[in-house]
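See below for the structure under consideration.
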Amino acid sequence: MIKLDAIDLKILAALQNEGRMTKVKLAEMVGLSVSPCWERLRKLERQGVISGYKAEINLDKLMKTATVWVEIALKHHQREDFEIFEGKIANIPEILECWAIGGTIDYLMRILTTDLDAYQELMERLLAADIGIDRYITCAVTKRVKKPGQLPLESLTGDTDKTASP
């Protein structure tokens, strides 16, 4: 595990909020001069703590979409069964996320399609591919209540006041 200090955490928090800021602005935000701040940033990138920079696209401005969460249970639970399933879904662009889950289901997937018909067609293709799906449960998103935001770095690293209320 990589140990981060308070300045590293400030750099990460600032970049999560605005990934395209200038070196000068970042340095001002974290209280360093430009060169030391830039060196810290490059070190975080080299260590893989910062794995990339991306644009956040507002799809609502472009088109209507359907987001669906799907619980997947496999028929069998040998290593090969998981490898077959994971190998097949890895290259399907509509599957935005897939998490292996312990408990009553094997996987939880977040799928983005143009509509529910397109989602159902995708699921039918997966079932026809015979990749070991026993059953699936669909949960269609009706509205987003909270969008993904910044990682709670301070609370995860223990650098916050534990007595603060939520």
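The values are calculated or read from the model by the stated rules, or taken from the named source; none is laboratory data. All of these numbers come straight from a predicted model, not from anything done at the bench. Positions of Cβ are backbone-derived with ideal geometry, glycine not excepted, and every protein chain shown enters the neighbour counts. Heavy atoms of the whole protein, side chains included, go into the accessibility calculation; ligands, DNA and RNA do not. Shrake-Rupley method; radii C 1.70, N 1.55, O 1.52, S 1.80 Å.
Using heavy atoms of the protein chains and a probe of 1.4 Å, the accessible area assigned to residue 125 is about 130 Å². Would you please classify the overall shape of region 52-166 from the alpha carbon gyration tensor, given that a ≥ b ≥ c denote the square roots of the eigenvalues, rounded means a/c under 1.5, and beyond that prolate means a/b larger than b/c while oblate covers the rest? Taking the square roots of the gyration eigenvalues as a ≥ b ≥ c, region 52-166 is oblate. Rounded to the nearest 500, the helix-only mean residue ellipticity at 222 nm of the chain stands at -11000 deg cm²/dmol, with each DSSP H run of n ≥ 4 adding -39,500 (n - 2.57). With every protein chain in place and a 1.4 angstrom probe, the accessible-area ranking of 20, 40, largest first, reads 20, 40. Taking amide H atoms as placed 1.01 Å from N in the peptide plane, the amide H of residue 107 lies under 5 Å from those of 72, 101, each 5 or more residues away in sequence or on another chain.
Full extension of the chain between residue 136 and residue 43 yields a length gain of 29.2 nm, computed as 0.36 nm times the residue separation minus the alpha carbon distance.
Here the spin labels are modelled as points 7 Å beyond Cα on the Cα-Cβ line, and at residue 83 and residue 2 they lie 3.1 nm apart. The 3J(HN,Hα) values that the Karplus relation (6.51, -1.76, 1.60; θ = phi - 60°) gives for region 102-118 are, in residue order, x, x, 7, 10, 9, 9, 10, 10, 10, 10, 10, 9, 6, 6, 5, 4, 5 Hz. Gly and Pro appear as x. Derived scalar couplings between HN and Hα for region 76-89 equal 10, 10, 8, 3, 4, 4, 5, 5, 5, 4, 5, x, 5, 7 Hz in order, rounded to whole Hz, by the Karplus curve 6.51 cos²θ - 1.76 cosθ + 1.60 (θ = phi - 60°), x for Gly and Pro. With all protein chains kept in place, the per residue accessible area of the chain amounts to 73 square angstrom at a probe of 1.4 angstrom.
Give the carbon-plus-sulfur fraction of the accessible surface of the chain in %, rounded to a whole number; probe 1.4 Å, heavy atoms of protein chains only. Here it works out to 53 percent.
Extension gain, residue 63 to residue 124: 0.36 nm times the residue separation minus the Cα-Cα distance gives 19.6 nm.
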